[in-house]
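Each remark here refers to the structure printed beneath this line.
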Amino acid sequence: MKSVRRIWNRIVEFVIEKAIFLAGILSIVFVVLIFVFLLKEGLSLFKEYSPLAFLFGTKWYPISHPPSFGIVPLLLGSVVVTLGSIVIAVPLGVGAAIYVGEVAPVWLREILKATVEFLAAIPSIVLGFIGLVTLVPLVKQVFHLQTGLTAISGSIMLAFMAMPTIVSMMEDALRAVPSSYRYGAIALGATRWQTIWRVMLPAASSGMLAAVMLGIGRVIGETMAVMMITGNAAGIPTSLMQPVRTMTATIAAEMGEAVQGSDHYFSLFAIGIVLFIITFAINLTAAFFINRRSKA
Amino acid sequence: MVDETSKDKLVVKDLNVRYGTKEVLRQISFAVRSNEILGIIGPANSGKTSLLRTLNRLNDNDAAFSMSGTVTLDGQDIYKKMAPHTLRRKMGIIFALPTPLPLSIYENIAYGPKLHGTRNKTALNEIIERTLRASFLWDEVKDRLDMPAMKLSGGQQQRLCIARTLAVEPEIILYDEPCSGLDPISTAKVEEAMTLLTKQFTQILVTNNTKQAARVSDRTAFFLTGELVEIDETQRIFTVPCDQRTEDYVSGRFG
Ligand SMILES: Nc1ncnc2c1ncn2[C@@H]1O[C@H](COP(=O)(O)OP(=O)(O)OP(=O)(O)O)[C@@H](O)[C@H]1O
Ligand SMILES: [Mg+2]
């Protein structure tokens, strides 16, 4: 009886161990496969088309004759929308995190945290849709524009999407500051605000930077909402009040009509590679800051 | 004859403190005289830390905390007549575990004066040297003031915290078991500093080490489960206490 049990246990142990191993390996395999596929398709563009013209070309005319695959307008479109959203989301996020983490009474803190996290649960397409019918007309009216489908509309929308990441991570970072710092400062007669500003924020700074980086990562990869409200004109943007077209929106909009195996098709994958590299770099930077925090 | 009460710096009257429904201090009344060191002794859980936190208003943000009674500093009610940061400027506190800020040694001490408006470099340098000397740390760190304070040893960190408190020029200094993590030599240095500081400050020393109270304090108060059993000249507390429980505790026959 006892030995049966022991053998059974050993089998269970073996199966579980192998299953976990397989799951771990598979996730790596999938990532590698995806990346290889992306590279293979994307790099095919450069058999016919110069990489320099792709990276530095200022015209995105994928279906004219001859076609032009310059991604500068798309890259700038993404950068402008992303920077705009970060400029809006960071001050709001820092303020919200300080309020939630340091100032608000406990009961309110819980409500606020739940609300911020709820924001993360709204599907981006829904946010995009709401933005389209509320924000876009508002932007048009406030700035007296011909259309409200502009970079700034996208930035505002994306700021909302980045907020949950930014606020909750920053709040964690503030919470991770040893309370001895707070008491040390308070005991010297620092007011609450002086304590937050001179002690808590500097001590939490690397975690807060990581929060911003992850917020950027979230924003730059966002597609549907951006496509719905930024106007999608592939020109080089000179202000936030213009329609722009991001890299993600380009891929989403054109993938359906590009002929498989054509240069147009490959160029969309090449955009994918650029996007991948940017996002990867951002996450790496965030990881660097998070690491620095856990070591400090 | 000089009026006894005129020398009283800090007066606690009928103080009751609760956390939620738990009573941690009951009907505490005593006075602290100017420039004395008042030792506070008592076993764990007797409410010593709670008392200091109440005196320094560190409980203000604790929703469970409630109190009744009054605490007055130079005749002014600290809960009704003073902003918490004004109070804490007049009444510094040193915690059991050193609490250096994540700054250099120099900046740790300069932090308080800068906060309260001293920006002049020469003035700051003077404050730093004076306070580090007073806390017997100057000789050990004078050549490396730019070093992160976190890199100091525990005993040095504690003395840095004392220097930092002195730099704010408080009137009263509270210590909560300041030597519990220190070796005998560091402890001796802290005690020596305290003794010299009586010229300028009124000090309250909470300690688990009755011998320490016997060594440095002028008067000693014995707390037991939230009650002030007895307060008297240190000498009397350790030789002829009025209460049997005090005698048991100081002679080590307690629990
Ligand atoms: N912030 C708080 N919230 C709830 N209860 C508390 C709080 N601080 C202290 N207490 C309670 O008050 C009682 C007295 O604690 P206190 O820390 O004042 O004792 P102490 O005399 O300092 O003990 P020790 O010698 O161990 O430091 C304890 O029962 C403790 O659980
Ligand atoms: Mg204590």
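General remarks:
- So B:K189, is it away from chain A (no Cβ under 14 Å) and either within 14 Å of ligand 2 (Cβ to nearest atom) or modelled with pLDDT of 90 or more (or both): no
- Of the residues in the stretch A:243-266, at least one is surrounded by fewer than 22 Cβ atoms within 10 Å (Cβ to Cβ), without any contact (Cβ under 8 Å) to a residue 60 or more places away in the chain and among the charged types (D, E, K, R).
- Single residue of A:V103, A:V133 found to be assigned by TED's automatic domain parsing to the domain that holds A:P243 and either out of contact with any Lys or Arg (no Cβ under 9 Å at 6 or more places or on another chain) or under 15 Å from A:R218 (Cα atoms) (or both): A:V133
- Hey, A:A204 crowded, with 20+ Cβ neighbours inside 10 Å and either under 18 Å from the mean Cα position of the chain (by Cα) or part of a loop (DSSP other than H, G, I, E, B) (or both) or not: no
- Flag for A:A96 being in the same structural domain as A:A234 (by TED's automatic domain parsing) and free of Cβ contacts under 8 Å to residues at least 60 places away in the same chain: no
- Tally of residues being in a helix (DSSP H, G or I), more than 14 Å from B:G92 (Cα to Cα) and within 11 Å of chain A (Cβ to nearest Cβ) across the stretch B:114-173: 5
- Restricting attention to the stretch B:64-89 and to residues that are small (G, A, S) and touching a Phe, Trp or Tyr at 6+ places or on another chain (Cβ under 9 Å), the residue that is farthest from ligand 1 (Cβ to nearest atom) turns out to be B:S66.
- Among residues of the stretch B:187-246, those that are more than 16 Å from ligand 1 (Cβ to nearest atom) and among the aromatic types (F, W, Y), counted: 2
- Cβ-Cβ under 8 Å pairs, at least 6 apart or on other chains, the stretch B:90-108 side closer than 13 Å to A:Y181 by Cβ and within 9 Å of chain A (Cβ to nearest Cβ), far side among the acidic types (D, E) and surrounded by fewer than 24 Cβ atoms within 10 Å (Cβ to Cβ): B:F95/B:D176; B:L101/B:E107
- Enumeration of residues in the stretch A:120-152 that are of a type outside the set (V, I, T) and over 20 Å from A:M163 (Cβ atoms): A:P137, A:K140, A:Q141, A:F143, A:H144, A:L145, A:Q146, A:G148, A:L149
- Within the option set A:L108, A:L112, being assigned by TED's automatic domain parsing to the domain that holds A:A159, exposed (fewer than 15 other Cβ atoms within 10 Å of the Cβ) and at pLDDT 90 or above holds for one residue only, A:L108.
- Out of B:T118, B:T131, B:T225, one residue alone is away from ligand 2 (no atom under 16 Å from the Cβ) and surrounded by fewer than 23 Cβ atoms within 10 Å (Cβ to Cβ). It is B:T118.
- A:V79 meets the conditions (1) more than 16 Å from A:T238 (Cα to Cα); (2) in a helix (DSSP H, G or I); (3) without any contact (Cβ under 8 Å) to a residue 60 or more places away in the chain; (4) not aromatic (F, W, Y) in every case but one. The failed one is (1).
- Positions within the stretch B:36-60 being more than 14 Å from chain A (Cβ to nearest Cβ) and within 11 Å of ligand 2 (Cβ to nearest atom), in sequence order: B:I40, B:G42, B:P43, B:A44, B:N45, B:S46, B:G47, B:K48, B:S50, B:L51
- Residue check for B:G69: of a type in the set (G, A, S), away from ligand 2 (no atom under 16 Å from the Cβ) and within 14 Å of chain A (Cβ to nearest Cβ): no
The values are calculated or read from the model by the stated rules, or taken from the named source; none is laboratory data. Note that the structure is predicted; figures quoted are calculated from it, not measured. Cβ coordinates were reconstructed from backbone atoms using ideal geometry, including for glycine residues, and neighbour counts include every protein chain displayed.
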